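A short worksheet on the structure shown next.
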Amino acid sequence: MLATTDRARAVWLRCLASAFRTALACTIVGCTTLYGPAAVQHYIAFPAFSYVTVILIVTDATLGDTLHGCWLALYATIQSVGPALLSLWLVGPGRFTNGTISLAVALAAFVVAFPEGTHLIAKRIALGQIVIVYVIAFINGVDAEAIMHPLNVAASTAIGVLACVIALLLPYPRLACWELKQDCGKLAENVSERLNLYVKAFCAEDNALALTSISQAKPLTIAGAKLLQSIKRYQESVKWERLPLKFLRNFYLNPGERLQELEIPLRGMEIALTSTSSFPIRMLEAETKQGLVQLEEHVSLTLKQIKNCFPRDSFTVPESNADKIIEFLQTLQATIPTNHEDLPSFFFLFCMKLLQRKSLAKPITSIQQKESSTPCQKNGFFKSMWMSNWSTSVNCKRLMPAFKCSLSLGLAVLFGLIYSKKYSYWSGLPVAISMAAAREATFKVANVKAQGTVLGTVYGVFGCFVFERYFPIRFISLLPWFVVISFLRHSQMYGQAGGISAVIGAVIILGRKDFGPPSEFAIARIVETFIGLSCSIMVDLLLQPTRSCSLAKVQLSKCFGTLSACVGSMSLAANSKTNLLEKQRRLKLDVSELGKFIGEAEVEPNFWFLPFHSACYCKLLASLSKLVDLFLFSADAVGLLEQESQKLGASWKESVNKLHGDVEIFKEMAGSLVKCFEDVTLLKSLTFLEKKLENKNISYDLELGKSSNWNIFKASSLKDDKIDSIISSYLQHSKEIVDKFHAADHEGERELKSQVVLCLSALGFCMSNLIKETREIEKGIIELLQWENPSKHINLYEISCKIHALNN
């Protein structure tokens with residue numbers, strides 16, 4: 001209950017702080033544009049875009065984010081206003097037509113959207129400026145000043161940026177380095193609590209106590225993942241807050257990277273505990289239990305040092321504890337397990353030792369030491385920005401997203417002008433400021449943008465009606481709306497897109513005056529926004545016709561292809577760790593991409609298509625994510641074995657051949673089934689496959705003409721007895737290896753033996769769980785095929801034979 005209250009309080013404080021900063025920045029813009037000197041008001045001719053700039057930059061920002069936003073706004077202004085100024089001066093605003101001004105907007109948008117290295121905020125600001133410059137110049141016609149009009153847009157942007165900086169400095173700066181330190185402290189406490197719970201579960205005397213500790217750790221795991229995301233974000237922001245002063249160097253100590261590395265062993269400990277069949281653990285002795293507790297205390301002290309950012313040299317462990325810990329690590333386990341049920345326990349100890357190794361792996365580094373200067377200090381900001389953008393701008397993959405953005409904006413402006421020339425820029429502006437960095441759920445995003453615009457506009461009109469005669473109070477009425485929007489932006493219903501649309505909708509009405517009757521303006525803006533969003537949806541449907549559920553299925557097959565490569569790269573040969581890690585990283589990226597497609601498909605409307613089987617895909621995603629972790633632990637175990645084998649010399653090479661045979665059998669079993677998954681997920685339907693076989697007059701035989709891979713798949717289908725026989729053989733051969741080098745006289749024999757035992761046991765655990773998780777994927781694939789082919793009987797082996805016959 002206390003933890004829930006603390007989380008609720010933290011959410012409230014975060015949302016209130018964000019609302020205060022946003023309100024302060026908007027107040028600065030409002031006071032400047034409404035009550036400032038006439039000369040200043042003359043140059044800031046577009047206060048609406050000043051508010052838009054504030055919302056784009058200051059939302060949930062730190063001082064580092066805002067300083068970065070200043071550079072991005074400056075770069076965006078040069079990229080958009082500069083060419084616009086030249087084109088308006090050469091052509092003249094009065095010579096444009098509806099078609100030519102829409103074409104000019106589309107071409108300018110393509111130039112901005114095409115470079116890959118440009119930051120998303122810079123692109124949004126630049127596209128918004130393009131809409132304001134060209135469309136309002138066309139609306140004003142011959143009265144528009146070709147030189148001053150673009151400069152007024154730049155000035156309106158500048159006042160918004162300046163307001164953001166002041167808002168992040170008052171009443172005290174919101175520093176990213178401080179937020180980073182706070183989150184690192186919370187994560188250190190989180191890791192310490194989870195470690196304590198995992199050790200309690202491991203040492204529990206019965207199943208109830210163990211399950212209680214494991215269940216208590218689950219919400220901490222979720223909170224830890226959120227803290228990691230926050231830390232990664234602040235690490236980028238801190239780079240813009242650094243000052244080249246030596247006495248401030250300790251203020252920028254960055255423990256985030258070390259804490260991120262500790263997440264890996266903790267995930268392994270959780271996997272080990274959830275794989276344990278019963279408690280108490282049989283091989284757990286009193287000395288081992290006491291050593292685990294001491295090791296847990298030692299790691300907790302290290303985490304406290306990381307949390308407080310003390311230099312590593314100043315951190316000491318009491319000598320008595322240090323001696324006991326070293327002795328415990330040397331004699332952690334010296335016997336290879338013979339029972340499969342003991343493998344999770346050995347894997348837990350392996351992860352515990354890995355955690356202790358990673359916690360002391362390297363000293364805390366200063367952000368100033370890691371990168372001595374910001375991008376703008378190294379080669380000059382614009383040179384760095386230009387090189388990063390245009391050196392990669394010839395990437396053909398950027399052509400389609402840039403063309404989509406260009407066409408959407410051009411059509412939005414064109415149809416907006418046809419509907420209402422006076423308010424036509426409101427059709428293009430929502431499309432411009434909501435440009436996405438990657439593919440997104442089109443209908444959901446358009447829906448929340450439309451709802452947010454309507455909500456904000458209605459609130460603005462209502463505020464104008466209630467406080468019609470009291471303009472200052474009308475402006476103050478924005479404050480509660482900022483608080484509400486801060487919560488909306490963090491909700492699943494509206495998110496960032498809906499929240500930003502809602503806040504802009506209210507600010508544009510309540511933060512301005514002399515724009516006509518609010519109700520008339522509100523209706524015109526809602527219609528224009530609807531026109532812009534409709535154009536964006538239409539372009540997405542025309543140029544991106546493939547549905548997210550189809551992309552998810554293709555990506556699933558791609559994941560199985562990468563998974564097959566991971567299985568094939570498992571080996572005890574020299575330098576195999578590097579190869580396995582490379583394949584594991586590819587698999588992790590593919591699985592992450594699959595998660596994005598699944599998220600899009602879950603909110604995608606079905607229309608006349610087959611509904612998306614979200615539950616089945618989520619199960620497959622969970623299994624693939626677990627496989628990613630298991631391959632990472634396998635690489636760690638293989639790498640440590642390779643290091644230790646160098647101490648054994650020729651004796652290791654002679655003894656490891658039998659283990660190679662066991663690993664090859666594992667690869668053959670798991671690889672055949674994964675290859676089957678890859679083939680069947682590429683099928684359009686079973687009916688299509690049968691028709692293709694019939695048209696080509698191809699017959700298939702379930703018994704003859706198949707390779708050994710297919711025979712293994714048919715005979716065993718990864719049954720429990722087959723898995724047990726492989727792992728038993730592996731453990732027996734591992735025991736023979738350990739016994740052989742144990743008989744020899746090696747320096748540091750006890751520690752070496754313990755290390756080899758834990759690594760071999762961890763690799764055996766990973767292989768066993770890789771096969772078991774592959775079987776879970778098999779169940780998911782059968783369920784998915786049955787969902788897509790409800791009238792068919794699903795037999796994976798039969799389907800594989802048909803595909804094999806068709807391809808040969």
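The values are calculated or read from the model by the stated rules, or taken from the named source; none is laboratory data. Bear in mind the structure is a predicted one, so any value in this text is a computation, not a measurement. Cβ coordinates were reconstructed from backbone atoms using ideal geometry, including for glycine residues, and neighbour counts include every protein chain displayed.
Select from the stretch 779-798 the residues that are part of a helix (DSSP H, G or I) and either modelled with pLDDT of 80 or more or among the aromatic types (F, W, Y) (or both) and list them in ascending order.
Of everything in the stretch 779-798, those that are part of a helix (DSSP H, G or I) and either modelled with pLDDT of 80 or more or among the aromatic types (F, W, Y) (or both) turn out to be K779, G780, I781, I782, E783, L784, L785, Q786, W787, E788, Y797.
Return the residues of the stretch 538-566 that are among the aliphatic types (A, V, I, L, M) and within 25 Å of the chain's Cα centre (by Cα); say none if nothing qualifies. Before you say what the answer is, go through the steps one by one.
As a first pass, look at the stretch 538-566 and keep what is among the aliphatic types (A, V, I, L, M): 538-539, 541-543, 551-552, 554, 556, 563, 565.
Scanning the stretch 538-566 gives L551, A552, V554, L556, L563, A565.
Could you list, in sequence order, all residues of the stretch 226-250 that are modelled with pLDDT of 85 or more and loosely packed, with under 12 Cβ neighbours inside 10 Å?
Q229, the sole residue that qualifies.
Can you tell me which residue in the stretch 646-674 is surrounded by the most Cβ atoms within 10 Å (Cβ to Cβ), limited to those that are among the small types (G, A, S) and at pLDDT 70 or above?
Within the stretch 646-674, the first condition is being among the small types (G, A, S), and the residues that meet it are 649-651, 655, 661, 670-672.
Filter again for at pLDDT 70 or above, leaving 661, 670-672.
Values: G661: 12, A670: 26, G671: 22, S672: 22.
The extreme case among them is A670.
Of a type in the set (A, V, I, L, M, F, W, C) and surrounded by fewer than 18 Cβ atoms within 10 Å (Cβ to Cβ), is that true of A497?
It is false that A497 is of a type in the set (A, V, I, L, M, F, W, C) and surrounded by fewer than 18 Cβ atoms within 10 Å (Cβ to Cβ).
Hey, among the residues in the stretch 45-61 that are of a type outside the set (A, V, I, L, M, F, W, C) and part of a helix (DSSP H, G or I), which one's surrounded by the most Cβ atoms within 10 Å (Cβ to Cβ)?
Result: T53.
Which condition breaks for L784 when tested against (1) surrounded by fewer than 16 Cβ atoms within 10 Å (Cβ to Cβ); (2) touching a His at 6+ places or on another chain (Cβ under 9 Å)?
Failing condition for L784: (1).
When you go through F482, F475 one by one, which is the residue that is more than 14 Å from A522 (Cβ to Cβ), crowded, with 20+ Cβ neighbours inside 10 Å and modelled with pLDDT of 80 or more?
Within the list F482, F475, the selection yields F482.
Would you confirm whether or not the stretch 510-517 contains a residue that is within 28 Å of the chain's Cα centre (by Cα) and surrounded by 16 or more Cβ atoms within 10 Å (Cβ to Cβ)?
In the first step, residues of the stretch 510-517 are kept if they are within 28 Å of the chain's Cα centre (by Cα); the result is none.
For the stretch 510-517, residues within 28 Å of the chain's Cα centre (by Cα) and surrounded by 16 or more Cβ atoms within 10 Å (Cβ to Cβ): absent.
Take the conditions surrounded by 18 or more Cβ atoms within 10 Å (Cβ to Cβ), assigned by TED's automatic domain parsing to the domain that holds K123 and in contact with a Leu (Cβ under 7 Å, 6 or more places away or on another chain) and apply them to A76. Does it pass?
No, not satisfied.
Condition (residue is assigned by TED's automatic domain parsing to the domain that holds I433, at pLDDT below 85 and among the hydrophobic types (A, V, I, L, M, F, W, C)) applied to the stretch 95-107: is it met by at least one residue?
Within the stretch 95-107, one or more residues are assigned by TED's automatic domain parsing to the domain that holds I433, at pLDDT below 85 and among the hydrophobic types (A, V, I, L, M, F, W, C).
Based on this model, can you work out whether A601 counts as closer than 30 Å to G428 by Cα, in the same structural domain as L784 (by TED's automatic domain parsing) and surrounded by 19 or more Cβ atoms within 10 Å (Cβ to Cβ)?
When the stated conditions are applied, A601 passes them.
Is there a residue in the stretch 546-558 that is in contact with a Ser or Thr (Cβ under 8 Å, 6 or more places away or on another chain), in the same structural domain as Q584 (by TED's automatic domain parsing) and either surrounded by 24 or more Cβ atoms within 10 Å (Cβ to Cβ) or acidic (D, E) (or both)?
yes
Having 1 or more residues that are among the small types (G, A, S), within 21 Å of I782 (Cβ to Cβ) and at pLDDT below 80 is the bar; report the helices (runs of 4 or more DSSP H) wholly within the stretch 675-747 that clear it.
Here the list reads 708-716.
Can you say whether C766 is at pLDDT 75 or above, in contact with a Ser or Thr (Cβ under 7 Å, 6 or more places away or on another chain) and buried (at least 20 other Cβ atoms within 10 Å of the Cβ), as far as the supplied structure shows?
Yes: the conditions hold for C766.
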